[in-house]
1. Could we say that A:ARG153 is within 14 Å of chain B (Cβ to nearest Cβ), in contact with a helix residue (DSSP H, G or I) (Cβ under 8 Å, 6 or more places away or on another chain), of a type outside the set (Gly, Ala, Ser) and in a loop (DSSP other than H, G, I, E, B) here?
2. Quick test for you: out of A:VAL481, A:VAL471, A:VAL541, pick the one residue that is at pLDDT 95 or above and either part of a helix (DSSP H, G or I) or open to solvent by 70 Å² or more (accessible area, probe 1.4 Å) (or both).
3. If A:GLN507 meets every condition in (1) part of a helix (DSSP H, G or I); (2) open to solvent by 40 Å² or more (accessible area, probe 1.4 Å); (3) farther than 20 Å from A:THR392 by Cβ; (4) touching a residue at least 12 places away in the same chain (Cβ under 8 Å) apart from one, which number is that one?
4. Give me a count of the residues in segment A:403-457 that are assigned to a loop (DSSP other than H, G, I, E, B) and more than 15 Å from ligand 2 (Cβ to nearest atom).
5. Would you point out the residue of segment A:158-193, among those that are assigned to a helix (DSSP H, G or I) and surrounded by fewer than 23 Cβ atoms within 10 Å (Cβ to Cβ), that is farthest from the other protein chains (Cβ to nearest Cβ)?
6. Tell me, which residue of segment A:131-143 that is in contact with a Gly (Cβ under 9 Å, 6 or more places away or on another chain) and not in a helix (DSSP H, G or I) is nearest to the other protein chains (Cβ to nearest Cβ)?
7. Within segment A:65-78, can you find the residues that are part of a helix (DSSP H, G or I) and open to solvent by 10 Å² or more (accessible area, probe 1.4 Å)?
8. Which of the strands (runs of 3 or more DSSP E) found entirely inside segment A:220-329 contain at least 1 residues meeting this: within 14 Å of chain B (Cβ to nearest Cβ) and at negative phi?
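The values are calculated or read from the model by the stated rules, or taken from the named source; none is laboratory data. None of these values were measured; they are calculated from a predicted model. Because the Cβ atoms are built from the backbone with ideal geometry, glycine has one as well, and the counts that use them run over all protein chains shown. Remember, those area values only see protein heavy atoms, side chains included, never the ligands or the DNA or RNA. Shrake-Rupley method; radii C 1.70, N 1.55, O 1.52, S 1.80 Å.
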Amino acid sequence: MARMLGSDAILRALEHEGVEVAFGIPGGAILPTYDAIARGTTVRHVLARHEQGAGHMAEGYARASGRVGVAIATSGPGATNLVTPIADAWMDSTPLVAITGQVRSNLIGTDAFQEIDATGITMPIVKHSWLVQDVEELPGVLKSAFHVARTGRQGPVLVDIAKDVQEAEFDFVYPDEVDLPGWKPPHKVHPRQLREAARAIAEAQRPILYAGGGVLNADACAELLELVDSAHLPAVVTLMGKGCLPDSHPLNYGPPGMHGSKYANFALNKADLVIAVGSRFDDRVTGKVSAFAPGAKVIHFDIDAAEVGKIRHAEIPVVGPLKLALAQLAAEVRAATAEVAPDRGPWLRQLEDWRERFPYRYAKAEGVLKPQTAIEALRDLAATREEDVVWTTGVGQHQMWAMQYLRCETPRSFITSGGLGTMGYGVPAAVGVKAARPDATVVCIDGDGCFQMTCQELATAALERLPIVAVVINNGWLGMVRQWQELFYAERFAQTHLTHAVPDYAQLAEAYGCAGFTVESEDQLEDALAAAFDAGRSAVVDVRCDPEEKCFPMVPAGAAAVDIIEAPGEEAVPA
Amino acid sequence: MSAHTISVRLENRPGALARVSQLFSRRGYNIQSLAVGPTERPDISRLTLRVDCSEHSLEQIEKQMHKLVNVLRVTELRPDEAVERELALITVSVATDRRAELVALSQVAGAQVADIGRDAITFEFVGRPDQVEAFEELVRPYGVRELVRTGRVGLRRPSATARGAQPSVNV
Ligand SMILES: Cc1ncc(C[n+]2csc(CCOP(=O)(O)OP(=O)(O)O)c2C)c(N)n1
Ligand SMILES: [Mg+2]
């Protein structure tokens, strides 16, 4: 027990939780806590330039490290600026503790300066939140906050702390246990469900694993690999799951969904058994739900019971921690296949045939730099590097091309905003990733639109010595929106033209103390990218590319997988 | 679609009720009635919710509610296994010359007179929700001036517990 101020207690709590780094911006209502940072702590504080940036940094840190990310902001506008990253963390199940200052207890409810109901505003997008008005509650609340963020299905929590609580003196004891009688995430798996799942897998003629981000969150990648290898199960891996199974694995058929490969979508379409693992039948994957995997029985593994059966009925629901579930499943499947040896040959040959016939493709054109070429060049460059490369992305066409063309061989090497689709995620997330993985080269593949939403965090990258490489796939447009306008709105390009004229990204980079490169043709690509990787400081590569290129294949929203749109000249959909 | 009664044991903490009601509006479920009050334990409240939804939605509601940190237990109260009651206060317009008739009628129906004014009487009626409705119908011809119902509250019948048929999910 030690006598201290609430503000110091916050930092002692973070230290107890093993927090290495927190991202934030000070302001009136959180000032006492920043004063405590000045008094000394082992927690590194990274000063962002916008609270949204701080939040995405904390997310990037969390996703790269598997630990809880921490973001700190003041009341009012500080808290509202954190809303987007909190929502992003909610949609993608990223463990995040957001700490906000609140006006003094006696001012709460009076519309005081910078008073905003932070717990109210964030209520639908957090696992839980606390408003602390009594310093004695502070240690227990912070302990609970970290516990809730990281256990069960991971996600964001908010702790809103009144200023007078930060200033109050009390006897600090950090509790050993949490007192949360209503919080009991599942910690085991029903053995009968597992046996049933194993039997269904053993009997299936055309099974397909459908693995998502939950596998990464659960640290269950080794168990997934073991299952795939031992049961010879082909898999599709979602955007959020990318990296949970090596992209080079012969049974990895990559991402399904709106911009997934044809073969991944066909595989789901023709499967007789879909084994969903930490994936949630998102509409960007399923398209028209009634036409999704129409001939398949579903086994659904998830830590969150509410996901099972939410969109698609699961014949065999398996609720529990994936790491345990997959490990036990592999053993059960071995036992079950000893009895029934399925002949998967025809199915695996079919998948291979589709993969050969329908690779991702785009048409190169003389004198035009295609965005896909830039991403292929990045992929090839990364393959030659000794150090690990961790990717982040923005949201749009460039993100989908990154998903299609990058090869991710290790977990937590592809970090993107999936559920919320937050433009501006890429740069700050990369800064956070770098804080978690100083050994890795961290590359943000961004769009020109996205980059301009959060590029002020280049200052953070430069000054905090968290160097990143931002590659702006600069098509001069809000490209993904442009693509929809072209395909579905009769080419009425309303308010999507950003131009190649403004800004000059290389100059902007220099202004932020980063190296800037401009690439205008394919032959400049390789050198510029290599120079950016080796710049020894943050770098921005402005890759000026074809404004008209569209991302294919594409299953239009609400359509069935068989209604896939392909680039002109593509072979028709097989029956 | 059909009506369901859900009983929720909730930690008695600031914002706990808001989290439950927020979840309903957020996920697009319609609450017909919601009654909340203290229980045998000062730190726990009980909510009785009446919702009109499909079986699939009901399952979703229960699962989503279980994830709320302040929610301790969610149980569906099936009609045959629960005691359900509701209180209604009904102010009925009545001319002086028909007062006696109305009071007599209400007493037969099991209502109490809570207040008598010059041209109106307020009745208090406690009963099963269908009885509340029947009483409302009974006095409607006189002219219902104001009416308030608490929404139903319910508990599982101990006799049903003995049979042990009711599935409930603990969190
Ligand atoms: C914050 C936010 N605002 C708007 C959108 C809608 N939106 C989705 S993709 C996109 C265009 C992104 O443009 P850019 O960053 O240039 O990427 P591109 O598609 O051109 O690769 C827009 C506006 C969004 N996802 N997020
Ligand atoms: Mg663009």
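1. Numbers: within 14 Å of chain B (Cβ to nearest Cβ): yes; in contact with a helix residue (DSSP H, G or I) (Cβ under 8 Å, 6 or more places away or on another chain): yes; of a type outside the set (Gly, Ala, Ser): yes; in a loop (DSSP other than H, G, I, E, B): yes.
So A:ARG153 fits the description; yes.
2. Working: A:VAL471 fails: either part of a helix (DSSP H, G or I) or open to solvent by 70 Å² or more (accessible area, probe 1.4 Å) (or both); A:VAL541 fails: either part of a helix (DSSP H, G or I) or open to solvent by 70 Å² or more (accessible area, probe 1.4 Å) (or both).
Residue meeting the stated conditions: A:VAL481.
3. Condition (4) is where A:GLN507 drops out.
4. Looking only at that region, the number is 19.
5. Residues of segment A:158-193 assigned to a helix (DSSP H, G or I): A:163-167, A:191-193.
Filter once more, so that each one left must be surrounded by fewer than 23 Cβ atoms within 10 Å (Cβ to Cβ): A:164, A:167, A:191-193.
Values: A:ASP164: 17, A:GLU167: 22, A:PRO191: 19, A:ARG192: 17, A:GLN193: 16 Å.
The selected residue is A:GLU167.
6. Of the residues in segment A:131-143, the ones in contact with a Gly (Cβ under 9 Å, 6 or more places away or on another chain) are A:131-132, A:135, A:138.
Then drop every residue that is not not in a helix (DSSP H, G or I), which leaves A:131-132.
On the way: A:LEU131: 7, A:VAL132: 11 Å.
Across segment A:131-143, the extreme among qualifying residues is A:LEU131.
7. As a first pass, look at segment A:65-78 and keep what is part of a helix (DSSP H, G or I): A:65, A:77-78.
If the condition is that a residue be part of a helix (DSSP H, G or I) and open to solvent by 10 Å² or more (accessible area, probe 1.4 Å), then A:SER65, A:PRO77 are the ones that fit.
8. Numbers: elements: A:235-237, A:273-277, A:297-302, A:316-319.
Output list reads A:297-302, A:316-319.
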